[in-house]
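J.: Here's a structure for you.
The values are calculated or read from the model by the stated rules, or taken from the named source; none is laboratory data. Every value quoted in this text rests on a predicted model; they were computed, and no experiment measured them. Ideal geometry is used to build each Cβ from the backbone, glycine not excepted, and the neighbour counts take in all protein chains shown. Surface areas here come from the heavy atoms of the whole protein model, side chains and all, with no ligands, DNA or RNA. Shrake-Rupley method; radii C 1.70, N 1.55, O 1.52, S 1.80 Å.
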Amino acid sequence: MTSVGDRAEAWRRRAMSLLLWLLYIFLYAPILYVIYASFSVDIVWPFPPSFTTDAYAELFDNALYADALANSLLIGLGSGAVSTLLATAGVIGVLRYPSRHRGLILIAFLAPLFVAELLIGISSLAFNARLLGLPGNLFSAIAANAVEGTAFAFLIILAQLVRYDWQMDDAAMVFGAAPVRCFWEVTLPTIWPSLLGAFLISFILAFNNLEISFYNLGAIPTLPSVAWGSLRFGLGPELFALAALTNGLVFVLFAVMYVLMRTGIVRFGYRGG
Amino acid sequence: MAGADLKTASLSLQSVSRHFGPIRAVDGIDLDIGQDEFFSLLGPSGSGKTTLLRIIAGLERPSAGRVRVAGQDVTELPPYKRRIGMVFQNFLLFPHKTVAENIVFPLRMQNVARAARDERLRWAMKLLRLEGLAARYPNELSGGQQQRVSLARGLIARPAMLLLDEPLANLDRELRAEMEVEIRRYQKELNIPFVYVTHNQEEALTMSDRIAVMRGGVFEQVGPRDDVYRRPKTEFVATFVGQSNRLSGFVETVKNGAVAFAWQGHTLHVPHQGDIAAGDKAQFLIKYEDIEVAGAAGKGRSDHRSGNSLEGRLRDIIFKGQTANYIVSLANGAELIASASSRDHKVGIGEAVSLRWPETSGMCFRS
Ligand SMILES: Nc1ncnc2c1ncn2[C@@H]1O[C@H](COP(=O)(O)OP(=O)(O)OP(=O)(O)O)[C@@H](O)[C@H]1O
Ligand SMILES: [Mg+2]
């Protein structure tokens, strides 16, 4: 026998899970649709289903895309590395050496998060090219992307490292580890998962970025800028394939992270004694 | 054990201070510790014990003063050049390293050859009875085992001295009692000074040769443990070490260093510390076990000139194991506690009793 309360509870659960599914559809329907459409014969109206890999063939035939992919990967890796490095140094500084101005320092690190990417792009262009007279190239694109990347990486690393016990480093130093050795022996082995997480995020940010890179690169193609450019000729099938592949890559990255976490090979966060 | 003279002093602090803004965590400490001493820093929370230990280890820079270890001025040396071992309150074992890797860490940092390392590891594992645990990770150990690993890591590199910061605070009672004996044994075996921080007076009294009682960044008293226990220099030390009755009264006369102390219509003859004069308000503190309880029948034996005696009624007996606390209500409403063996209590609850103690017991301080 179920009471009225039980039935109300059951309805509430059903309503909640419906809401949850609506949310997932809202988030993922466009992405899944693009993947589905990229394998379809008719991209504009892919119903009823009939599949082909023509779109991918077209994408791989176009040398411009290969070039753009290489550039985007370079920007992603470069900006990811720079961002992670700077953010790690920043977080360690803020947490290990407390100062009265800690709040201000935090804000200074995080502020780029609140600036539109477009403006970061324009500012870097104005500063690098006009004031310093630097040519637009991959390096200035990496640097400009790392502005935003550092802020994101800082946030991610900070969230994990507030739980790190710096007395661990004190212990290592008492037992004879000089600062650099201490970092390699004790700090890094404990915190590297959060550094990896920060690297992945800042890599993806820079890899996918259009606005910041666009202003710093001029004629050098990246995946987003080529995609943007080819939009002028309409939504071609190769763009569907590109979108599907990029999303697929990100999915795979996160799936790998998830599996690593579930199997306990990697712990995102501090592993307490 | 007498205080070490400078020649043999293994650790020497010269007016060491550490201020955090307005907080004087450590304020002008002078101290010499000898080569074979077990020295305890005893004090309440926030008294500066950890800060002082961190200064010795080099983890904290003193605002003023010098630190010497084995005759060498190490004030400017970073911690990793001091060759000091340390055992931390929460163990601080490296979570990603096995027991063996944790223990040999100090030797690896000194680039000791592998063969020598392995030999030392065997020695340390045997000393601390850790055989069979070498491949475990710290989170797979019990609290007592983590404690011993932490001690092994502290001792393996033959440090000039071992610092211990409340190493037993997180252990249960039984294990703590066992480790107290063990730690004391290691110190005697290795013949290096141990500086042991605790806020537990029993721990300090059990293990130490000398004790410094610390409060507000300064030493209230430094001395052999019996002195600190029997002859407290300040009211704070008398209260903090051991369990005492406290009587508030005033000084009637001071003669030949003996005080006639007026308390609720009684005159007690008591020893005193520090400046004191007739008419001063004063506190008299006497340890539970310094008071003797006797049935009122024994009254005739008491000689008022050679001791103090108060009459009362036994209100309750609190069983403490080997000893018991006898709570006695006096006619004036005050209650005093006497502690004695729990075996042979000669008086029952509700009976009339007399409390006695010699004129040399307890200590009187001006308040
Ligand atoms: N880094 C710091 N910044 C500011 N104040 C500090 C710092 N470290 C310690 N203090 C202050 O110095 C005083 C002494 O602290 P300390 O940790 O040495 O005390 P303790 O005797 O070890 O206490 P406990 O028994 O609780 O461990 C405290 O008032 C503490 O708040
Ligand atoms: Mg402390």
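J.: State the percentage of accessible surface on region B:243-366 attributable to carbon and sulfur atoms; use a 1.4 Å probe and exclude ligands, DNA and RNA.
T.: Looking at region B:243-366 in its full context, I get 48 percent from C and S.
J.: In whole angstrom, how far apart do the alpha carbon centroids of region B:116-141 and region B:276-294 sit?
T.: Answer, in whole Å: 52.
J.: Would you mind classifying region B:309-348 by shape? Square roots of the alpha carbon gyration tensor eigenvalues, ordered a ≥ b ≥ c; an a/c under 1.5 is rounded, otherwise it is prolate if a/b is larger than b/c and oblate if not.
T.: prolate
J.: Mind putting together the pair-distance distribution for chain B? All Cα pairs, 10 Å bins, whole percent per bin, short to long.
T.: 5, 21, 25, 21, 15, 9, 4, 0
J.: Which whole-number percent is the relative contact order of region B:169-262 (Cα, under 8 Å, 6+ apart)?
T.: Reported as a whole number, the value is 14 percent.
J.: Here's a follow-up. Among the lysines, which fall within straight-line cross-link reach of B:LYS49, defined as a Cα-Cα distance under 28 Å, with same-chain neighbours fewer than 8 residues apart omitted?
T.: B:LYS7, B:LYS81, B:LYS188, B:LYS233, B:LYS287
J.: Which shape class, rounded, prolate or oblate, goes with region B:173-307 when its Cα gyration tensor gives a ≥ b ≥ c as root eigenvalues, a/c under 1.5 marks rounded, and past that a/b bigger than b/c marks prolate?
T.: prolate
J.: Rounded, prolate or oblate: which one fits region A:1-99, using the alpha carbon gyration tensor with axes a ≥ b ≥ c (rounded when a/c is under 1.5, else prolate when a/b beats b/c, else oblate)?
T.: It comes out oblate by the Cα gyration axes.
J.: In the Gaussian network model of chain B, springs joining C-alpha atoms below 10 Å, which of B:VAL26, B:VAL87, B:VAL74 carries the largest mean-square fluctuation?
T.: B:VAL74
J.: Roughly how large is the B-A contact in terms of buried accessible area, totalled over both chains, probe 1.4 Å, nearest 100 Å²? Let's see the in-between values first.
T.: Numbers: alone 17730 and 16670 Å², together 32250 Å².
Summing both sides, the interface buries roughly 2100 Å².
J.: Here is a further query. Cut-off 10 angstrom, C-alpha nodes, Gaussian network model of chain B. Which of B:PRO95, B:PRO232, B:PRO106 fluctuates the most?
T.: Largest GNM mean-square fluctuation: B:PRO95.
J.: Something else now. Show the residues, 5+ positions off or on another chain, whose built amide H is closer than 5 Å to the amide H of B:PHE219.
T.: Hits under the 5 Å cutoff: none.
J.: Let me ask another. Probe radius 1.4 Å, ligands and nucleic acids ignored: give me the carbon and sulfur share of the accessible area of region B:55-141 as a rounded percent. List each step's numbers first, then the result.
T.: Values: 1900 of 4010 Å².
That fraction is 47 percent.
J.: Can you pull the accessible area of B:GLU220 for me, 1.4 Å probe, Å² to the nearest 10?
T.: B:GLU220 exposes around 40 Å² with every protein chain in place.
J.: Normalising by the residue count of region B:243-366, find the relative contact order in percent from Cα pairs under 8 Å and 6+ residues apart.
T.: Relative contact order for region B:243-366 comes out at 31 percent.
J.: Taking amide H positions as placed 1.01 Å from N in the peptide plane, with prolines and chain starts having none, which residues 5 or more places from B:ASP316, or on another chain, fall under 5 Å of its amide H?
T.: Result for B:ASP316 returns B:ILE327.
J.: Based only on Cα atoms, what mean projected area does the convex hull of region A:149-273 have, in nm²?
T.: The number I arrive at for region A:149-273 is 10.4 nm².
J.: Ignoring solvent entirely, what values of log10 I(q)/I(0) come out of the Debye formula for region A:135-179 at 0.15, 0.25, 0.26, 0.34 Å⁻¹ when each Cα is a single scatterer?
T.: -0.62, -0.83, -0.86, -1.04
J.: Something else about it: Name the residues of region A:178-220 whose amide N is less than 19 Å from a point 7 angstrom out from the Cα of A:ALA70 along the C-beta direction?
T.: Answer for region A:178-220: A:207-208, A:217-220.
J.: Got the relative contact order for chain B handy, in percent, Cα pairs under 8 Å and 6 or more residues apart?
T.: Here the relative contact order equals 15 percent.
J.: Can you tell which of A:ALA177, A:ALA129, A:ALA206 shows the greatest fluctuation in a Gaussian network model of chain A with Cα springs below 10 Å?
T.: In this elastic network of chain A, the residue with the biggest mean-square fluctuation among A:ALA177, A:ALA129, A:ALA206 is A:ALA177.
J.: Using a basic spin-label model with each label point 7 Å from the Cα along Cα→Cβ, how many nm lie between B:ASN170 and A:LEU231?
T.: 5.5 nm
J.: Could you report chain A's accessible area per residue, 1.4 Å probe, as an integer in Å²?
T.: It amounts to 57 Å² per residue over chain A.
J.: Still on this structure: Considering only protein heavy atoms and a probe of 1.4 Å, how much of the accessible area of chain A is carbon and sulfur, as a whole percent?
T.: Here carbon and sulfur together make up 73 percent of the probe-accessible area.
J.: Another question about this same structure. How compact is chain A by the rule of thumb for globular proteins, expressed as Cα Rg over 2.2 N^0.38 Å?
T.: Working it through for chain A, the quotient is 1.26.
J.: If you don't mind, there's one more thing I want to ask. Hey, what do the phi angles of region B:328-339 turn into as Karplus ³J(HN,Hα) couplings, whole Hz, using 6.51/-1.76/1.60 and θ = phi - 60°, x for Gly and Pro?
T.: Couplings: 10, 8, 8, 4, 7, x, 6, 10, 10, 10, 10, 10 Hz.
J.: Do the sum for chain A: with -39,500 (n - 2.57) for every DSSP H run of n ≥ 4, divided by all residues, what is the mean residue ellipticity at 222 nm, to the nearest 500 deg cm²/dmol? Could you put the intermediate results ahead of the total?
T.: On the way: 12 runs with 192 residues, N = 273.
When only DSSP H runs of four or more count, the value is -23500 deg cm²/dmol.
J.: What does the charge add up to near B:ASN111, with Lys and Arg as +1, Asp and Glu as -1, over the other residues with Cβ less than 11 Å from its Cβ? Don't jump to the answer; show the numbers that get you there.
T.: On the way: positive: A:ARG181, B:ARG108, B:ARG114, B:ARG117; negative: none.
For residues surrounding B:ASN111, the net value is +4.
J.: Determine ³J(HN,Hα), in whole Hz, for all residues of region A:148-163 in sequence, where each value follows from phi through the Karplus function 6.51 cos²θ - 1.76 cosθ + 1.60 and θ = phi - 60°; x replaces Gly and Pro.
T.: 6, x, 4, 4, 5, 4, 4, 4, 5, 5, 4, 4, 7, 7, 4, 8
J.: Non-local amide H neighbours of B:GLU359 (under 5 Å, H modeled in plane, Pro and chain starts lacking H): which ones?
T.: For B:GLU359, the qualifying residues are B:ASN308.
J.: Rounded to the nearest 500, what is chain B's calculated 222 nm mean residue ellipticity when only DSSP H runs of at least 4 contribute -39500 (n - 2.57) each, over all residues?
T.: Working: 8 runs with 84 residues, N = 367.
-7000 deg cm²/dmol, from helical runs alone.
J.: Compute the FRET efficiency between B:LYS255 and B:ALA352 as 1/(1 + (r/R0)^6), taking r as their Cβ-Cβ distance and R0 = 35 Å, and round to the nearest 0.05.
T.: Given R0 = 35 Å and the Cβ-Cβ separation, E is 0.60.
J.: Ok, one more. Would you check the accessible area of B:GLU166, probe 1.4 Å, heavy atoms only, in square angstrom rounded to 10?
T.: Near enough 20 Å² of accessible area.
J.: Which residues of region B:64-110 show a drop of at least 50 Å² in accessible area when all protein chains are present, compared with their chain alone (probe radius 1.4 Å, heavy atoms only, ligands and nucleic acids excluded)?
T.: Correct list: B:TYR80, B:LEU92, B:PHE94, B:PRO95, B:HIS96, B:PHE105, B:MET109.
J.: At 1.4 Å probe radius, can you tell me the per residue accessible area of chain B in Å²? Don't skip to the end; give the middle numbers.
T.: Details: 16690 Å² over 367 residues.
I get 45 Å² per residue for this part.
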